[in-house]
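These notes concern the structure reproduced below.
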Amino acid sequence: NDIINTIKLKPNMGEVFNKQISLFTSSLDLLSTCIQKFDITWRESVETICVMGTALEFINLGFWPPKLIVQALKLVNLSISRFMSPNLALLVEGTRDSSMQKLGSMLTSKLHDREWEIRDSTLEVLHTIANMSHIKYPSFQNMIIDLELPSMMITIAMHDSDSYVRASAIKCL
């Protein structure tokens, strides 16, 4: 969060941080590994609430290399599946500047990225959202419909240049 705030206040610092990509990649990977290994959920800690918002802001800075964006998308995927409490999911449905609203616009933009790894990781996040919309959080269905994601998945499944991305789009459908 401090890095994000620093880059927002001083955009020229982005170059300094961009030289430390391996540190950021390792840090995001370590955080994801700890979440999985120790089975951390929203019940264990209040701090988990900010993970998705921070990861989204990190991705939206826009100058990170694909490998780092993919790692951040994996963290977003984990935060959706493990840190979204049922009450929070109900609260974010109607708010305009919520993390879920930012998530939807970020996912839409990342589906159009040039790098196949980013598109594939974005589709993994969408797959998690689609699965959870049927079981746990029906409010996710509104986001899926509002962003016209099913028609976008059909287009990707039929026309994407990479077979991994096409397969992930079919899985999302």
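The values are calculated or read from the model by the stated rules, or taken from the named source; none is laboratory data. Note that the coordinates shown come from a computational prediction; the quantities given were computed from them, not determined experimentally. Backbone-built Cβ (ideal geometry, glycine too); neighbour counts: all protein chains shown. Heads up: the accessible areas ignore ligands, DNA and RNA and are worked out on the full protein's heavy atoms, side chains in. Shrake-Rupley method; radii C 1.70, N 1.55, O 1.52, S 1.80 Å.
Expected output is a single nm value to one decimal: the length gained when fully extending between Asp29 and Tyr164, i.e. 0.36 nm times separation in residues minus the C-alpha distance. What is it?
Working: separation 135, 0.36 × 135 = 48.60 nm, distance 2.20 nm.
That pair, Asp29 and Tyr164, stretches by 46.4 nm at full extension.
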Summing -39500 (n - 2.57) over every DSSP H run of at least 4 in the chain, dividing by its residue total and rounding to the nearest 500, the 222 nm mean residue ellipticity is -22500 deg cm²/dmol
How big, on average over all directions, is the shadow cast by the Cα convex hull of the chain, in nm²?
10.1
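Counting only trypsin sites (Lys or Arg not before Pro) that sit in a DSSP loop (anything but H, G, I, E, B) with at most 11 other Cβ atoms within 10 Å, what is the longest stretch of the chain containing none of them? Present the calculation step by step, with values, prior to reporting the outcome.
On the way: sites that count: Lys19, Arg43, Arg96, Arg114.
Looking at the chain, 115-173 is the longest stretch - no exposed trypsin sites (Lys or Arg not before Pro) with at most 11 other Cβ atoms within 10 Å.
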Per the 1.4 Å probe, what fraction of the accessible area of the chain, in percent, lies on carbon and sulfur atoms?
55
Residue separation between Gln101 and Cys50 times 0.36 nm, minus their alpha-carbon distance, gives in nm 16.9 nm
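So with the 1.4 Å probe, I'd like the accessible area per residue for the chain, rounded to whole Å². It would help to have the intermediate numbers written out before the result.
Details: 9990 Å² over 173 residues.
Here the residues of the chain average 58 Å² of exposed surface.
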Taking the alpha-carbon distance from Lys67 and a cut-off under 18 Å, which aspartates and glutamates remain once sequence neighbours fewer than 8 residues away in the same chain are dropped?
Glu15, Asp29, Glu57, Asp113, Glu115, Glu117, Asp120, Glu124, Asp162
